[in-house]
Amino acid sequence: MVDRRSVSIFGSTGSIGRSTLDVIASHGGRDAYDVRVVAGGANATLLAEQARAVDADMAVIQDESKLPDLRAALAGTDIDTAAGDAALVDAASQRVDLCVSAIAGAAGLYPTLAAIRAGSHIALANKESMVCAGDLVRSEAARMGVRILPVDSEHNAIFQVLEAHHAAAIERIILTASGGPFRDYTLEQMRAVTPEEAIAHPNWSMGVAISLDSATMFNKGLELIEADQLFPVAHDHIEILVHPQSIIHSMVGYADGSILAQLGTPDMRTPIAYALGWPARVTAPVERLDFASLARIDFEAPDETRFPALRIAREALQAGGLAPCAMNAAKEIAAEAFLNRDITFLEIASVVEHVLEGFANGAAAASLDEVVAADSEARRLAGLAVQTRAV
Ligand code: NDP
Ligand code: MG
């Protein structure tokens, strides 16, 4: 058992947030973890339920119109409540041993950065923080002596098998990808897919946005950029390998030809438990991998013609600077437009590529203001592109 840790969870009502609370409950609950803040977007009922279950100090909801519901649901407790973007940043500015960053999308950057500036170590699920402002996040983390523990399953796998003392001998990182629900679809079939089909992931149970990103493979594109930020490997040494069963969560190859991999059933509670317990290993309530009943594991090269997101992400990574931030922002707008049936599935990538043309100049982003400006400009351009393409 590790010492009792203070923890705040941003995005507690989401898929990662709920899994985090599940791991906490199954591993010592309040004896092991002192949950200070739970924070979500709009689901006041669940947020209040969670705050009561862990006896949090504070519950914060982004949607200010839901604050009365949150207050009513927490009446009679001494749990503080607050709402809005500034309240999220304030709550993240209270130092804890570990801040779980699990808000969906670029909105997760602001509390993540606030938590780093407060000196809290970070369990990072919100890959967008690294994609939009990786240089800034890393330099602030270094300045504050804050450790970033990746929760994203691939990066968590790499973190587990990356021998930092052998950094010079690392030849490559192999990021595995399930290939999503349309792995075997022809371009013709992909043209007609519906939002319902696109958010039904074959292996992982996740939030809507990341499920759609897995279908376009923008998720793997974001993860490529996230890996480049997190690990000491040149970006042309990060490979993507399709592995439909999602058993090998990623690998690191070394100079002597050895490849180290982390394996497990596809359940986010394993990487979450790893980050919550680090440097100890704690128990996680997940199904154990049974090799004898695992009929086979397969691998194939990714297809950048059917999944242009992989090429677009690599180009954004090469361009550097604000290009990855713009790519993510445009992708968020295009994804929303697809979910609203304003554009087709294949048009998501076309919108992003169109927006990125204006961000090819890779001047490094120095400040949060520049990141915010690039994010808004890319959203504006993507909105225009959606309108002109809308069917
Ligand atoms: P979900 O959509 O399931 O949950 C998102 C969470 O963020 C919810 O708590 C939601 O609140 C909250 N939220 C959304 N928008 C805002 C906002 N503007 N301000 C504050 N809170 C907000 O997403 P996931 O849990 O699937 O993903 C979360 C992050 O983790 C993403 O960055 C994703 O890429 C990453 N990730 C997820 C994995 C997974 O298996 N799910 C795997 C690897 C990474 P509410 O629901 O109350 O509105
Ligand atoms: Mg992942």
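Once the Cβ-Cβ distance of Glu197 and Glu239 is raised to the sixth power relative to R0 = 35 Å, the FRET efficiency obtained is 0.80.
Ordering Ile199, Ile240 by accessible surface, largest first, gives Ile199, Ile240; the 1.4 Å probe counts only protein heavy atoms, with every chain in place. When the charge dipole of the stretch 1-148 is built from unit charges on Cβ atoms (+1 for Lys and Arg, -1 for Asp and Glu) and taken about the Cα centre, the candidate among Gly41, Ser120, Ser19 whose Cα reaches farthest toward its positive end is Ser120.
Put simply, the amide H of Gly179, placed in the peptide plane, has neighbours under 5 Å in His243, leaving out anything fewer than 5 places away on its chain. Averaged per residue, the stretch 5-151 has 36 square angstrom of accessible surface, using a 1.4 angstrom probe with ligands and nucleic acids left out. Taken about its Cα centre, the stretch 271-391 carries a charge dipole of roughly 220 debye when the Cβ of each Lys and Arg holds +1 and the Cβ of each Asp and Glu holds -1.
Note: the chain, Cα convex hull, 141 Å³ per residue. Per residue, the chain reaches -14000 deg cm²/dmol at 222 nm when only DSSP H runs of four or more residues are counted, each adding -39500 (n - 2.57). The peptide list 164-170, 88-94, 99-105, 367-373, put in order of mean Cβ contacts within 10 Å with the highest first, becomes 99-105, 88-94, 367-373, 164-170. Treating each Cα of the stretch 5-151 as an identical point scatterer and summing with the Debye formula, the log10 of I(q)/I(0) at q = 0.20 Å⁻¹ comes to -1.16. Per-residue 3J(HN,Hα) values for the stretch 13-20, derived from phi via the Karplus relation 6.51 cos²θ - 1.76 cosθ + 1.60 with θ = phi - 60°, read 7, x, 4, 5, x, 5, 5, 5 Hz in sequence order (x marks Gly and Pro). By the Cβ-Cβ criterion of under 4.7 Å, the unpaired cysteines of the chain are Cys99. If I compute solvent accessible area with a 1.4 Å probe over the protein chains, what percent of it on the stretch 5-151 is carbon and sulfur? C and S atoms contribute 46 percent here. Close amide H pairs (under 5 Å, H built 1.01 Å from N) link Tyr33 with Arg5, residues at least 5 positions away or on another chain. Taken one residue at a time, the phi angles of the stretch 180-194 give Karplus couplings (6.51, -1.76, 1.60, θ = phi - 60°) of x, x, 10, 3, 9, 6, 7, 4, 4, 5, 5, 4, 9, 6, 9 Hz. Gly and Pro are set to x.
The values are calculated or read from the model by the stated rules, or taken from the named source; none is laboratory data. Note that the coordinates shown come from a computational prediction; the quantities given were computed from them, not determined experimentally. Because the Cβ atoms are built from the backbone with ideal geometry, glycine has one as well, and the counts that use them run over all protein chains shown. Just the protein is used for accessible areas: all its heavy atoms, side chains included, with ligands, DNA and RNA removed. Shrake-Rupley method; radii C 1.70, N 1.55, O 1.52, S 1.80 Å.
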